[in-house]
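The values are calculated or read from the model by the stated rules, or taken from the named source; none is laboratory data. What you see is a predicted model; the values in this text were computed from it and never measured. A quick note on method: Cβ atoms are made from the backbone with ideal geometry, for glycine too, and the neighbour counts reach across all protein chains shown. Side chains are part of the model used for accessible areas, which takes the heavy atoms of the whole protein and leaves out ligands, DNA and RNA. Shrake-Rupley method; radii C 1.70, N 1.55, O 1.52, S 1.80 Å.
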Amino acid sequence: MPPGPSQDEIRRQNLGALLRHVHVHGATSRAELTTALGLNRSTIGALTADLAQAGLVSEGAPKETGRAGRPSPVVRPESNRIHAYAYSIEVDRLRAARVGLGGVVL
């Protein structure tokens, strides 16, 4: 029977899943990330802190929610710091763009 994944492998998978979710879906509250990824609040907080320290995401207060209770911090991709170049080569044109984390065309 092969051994299961190590704690480090699981942490890397969870970091990737969180970053992928914020990249695809944009700014997301920690509460929504907890539900979407099936992880507990403290794990989401630790993963978010790691990604923020690496400069990949930032955390901030949410816009007004209209709900009772303390609002959950919102995790946002750092679009201006992390980007890729995208090229589209077509028969009659060539397009290029710089695309930031979160899909923002810069």
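Within the accessible area of region 1-64, the carbon and sulfur atoms contribute 53%, probe 1.4 Å, all protein chains present. Size check on the chain: the Cα extents along the three principal axes, sorted descending, read 52, 51, 22 Å. Find which of Gly60, Pro77, Gly38 sits farthest along the positive direction of the dipole of the chain, computed with +1 on the beta-carbon of Lys and Arg, -1 on that of Asp and Glu, about the Cα centre. Checking the options against the dipole of the chain, the answer is Gly60. Excluding ligands, DNA and RNA, the accessible surface per residue across the chain is 71 Å² with a 1.4 Å probe. Spatial offset of region 82-98 relative to region 15-60 amounts to 29 Å, using the alpha carbon center of each. Rounded to the nearest 0.05, the FRET efficiency derived from the C-beta distance between Ala17 and Val91 at R0 = 41 Å is 0.60.
Mean-square fluctuations from a GNM of the chain, with a 10 angstrom spring cutoff on Cα atoms, peak among Gly69, Gly45, Gly55 at Gly69.
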